[in-house]
Amino acid sequence: MKRTTLLFLLLTINYSFSQKLFITKRDYSSGNVSTHIHSLQEINQTNGNLISNYNFSTSFPNSYSPRSLSFNYETNEIIGEADGIIVKYNIDTGIETSFNLPSTLNTNYGEIIFVKNRLFITKRNYSRGNVSTYIHSLQEINQTNGNIISNYNFSTSFPNSYSPRSLSFNYETNEIIGEADGIIVKYNIDTGIETSFNLPSTQNTNYGEIIFVKNRLFITKRNYSSGNVSTYIHSLQEINQTNGNLISNYNFSTSFPNSYSPRSLSFNYETNEIIGEADGIIVKYNIDTGIETSFNLPTTLNTNYGEIIFINTRDYSLSINKNNSISNIPKPIKAYDLIGKEVSTNTKNEVIIVVYKNGSRKKIFQIN
């Protein structure tokens, strides 16, 4: 009997990590909204010192700097939204592009999220005049001109007028997750199925931002029962993904003097730290060790900071080995993509990190 040997391509990859922390900053010293200077700064991750500064050429007429920052790992572009404008900045080339979203009467846009090479944005229609009957939707839009690809109207009611915000993504279930009015809502981008649940409510408390990382859902919470801003209790809670029940609670030791809990949450997959910003303070919390660190950003007159985004990028040197018999390779049990999210071991046409039964790990590129 003729024996067939199965071969696959094994890539040996020499790589270096490039971890970058960016934040938006606004200079409003001109006194005129139309001439405010909006910038994107790369800052040192341990002390906030300025590494580089880029001033946006796009005009944001309503004074907001780009917010709801997301990242396209294919194009190396940071993407943000402000005033119905989508702006993209390439962190390698320094090239900025932007486009205006379609505008209609009595509507406005909320937050964006870029996942699986698709760009989504929340939109609110308040033409009915009654908060309880506002129409909140999630739209997939064209990445180059903002044209609508698809529209989904949420069936969940958000009584305080806010559309889902602080959008995060679960790569296992393909769900975009957001929070509004103490409600967690999840929308599956493949099936179109929506689910939601209410978070536990207590007097003199409210919720802030969420982040979904390593199959764990976290949310910030503020207790303002003391009545004194300087003694508000700001916490980070891990909650059950299906009913919002509390799994664990951590009270920040860092003081946030202007009452805001950490916002614009991002995650460092190398250090396992959730990173947030509030009142010009960067705070980091390690979800495994429970260790908190923080530092103050440089302050200047008539300026303030906006949103942060933490990016893990890598530089690669690839070599291909075509002569590895599959019979000599141990059994794969798990695989991860290059930003640390678990994927199928059968993922094709993408560099993945495979974990084998014998404990070894390799980076491979499997071709269809």
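The values are calculated or read from the model by the stated rules, or taken from the named source; none is laboratory data. Everything quoted here is computed from the prediction, not taken from an experiment. Please note: Cβ atoms are built from the backbone with ideal geometry, for glycine as well, and neighbour counts cover all protein chains shown. For accessibility, only protein heavy atoms count, side chains too; no ligands or nucleic acids. Shrake-Rupley method; radii C 1.70, N 1.55, O 1.52, S 1.80 Å.
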Exercise for the section: Compare 80, 94, 306 in a GNM of the chain, Cα atoms joined below 10 Å, and give the one with the largest fluctuation. Expected result: 94
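Multiplying the sequence separation of residue 97 and residue 243 by 0.36 nm and subtracting their Cα-Cα distance, what value in nm do you get?
Net length gain for the segment: 48.5 nm.
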Completion exercise
Which residues qualify? For residue 154, with a placed amide H closer than 5 Å and at least 5 residues away or on another chain, they are 136, 137, 138
Exercise for the section: Kindly write out, for the stretch 187-198 in residue order, the coupling ³J(HN,Hα) from the Karplus curve 6.51 cos²θ - 1.76 cosθ + 1.60 (θ = phi - 60°), rounded to whole Hz, with x marking Gly and Pro. Expected result: 10, 7, 6, 9, 9, x, 7, 10, 9, 7, 7, 8
Practice task
Could you look at the chain and say what percent of its accessible area is carbon and sulfur, using a 1.4 Å probe and all protein chains?
Solution key: 46
Exercise for the section: Return P(r) of the chain (all Cα-Cα pairs; 10 Å bins starting at 0; whole %; ordered from short to long distances). Expected result: 5, 21, 30, 26, 12, 4, 1, 0, 0
Fill in the blank from the handout: Karplus-derived 3J(HN,Hα) from phi for the stretch 218-233 (6.51 cos²θ - 1.76 cosθ + 1.60, θ = phi - 60°), whole Hz, x at Gly and Pro, runs 10, 8, 8, 9, 10, 10, 10, 5, 5, x, 10, 3, 5, 10, 4, 9
Problem - Farthest positive-ward along the chain dipole, Cα basis, beta-carbon charges - from 254, 131, 210 - result: 210
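Please compute the contact order of the chain in relative form: average sequence separation of alpha-carbon pairs under 8 Å and at least six residues apart, divided by the residue count, as a percent.
On the way: 833 pairs, mean separation 64.2, N = 368.
Value for the chain: 17 percent.
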Fill in the blank from the handout: One finds the C-alpha centres of the stretch 14-71 and the stretch 90-126 to be spaced, in Å, by 17
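Averaged per residue, what accessible surface does the chain expose to a 1.4 Å probe, in Å²?
Values: 18300 Å² over 368 residues.
Averaged over the residues of the chain, the accessible area is 50 Å².
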Fill in the blank from the handout: For residue 271 and residue 35, extending 7 Å from Cα along the Cα-Cβ vector and measuring point to point gives, in nm, a value of 3.9
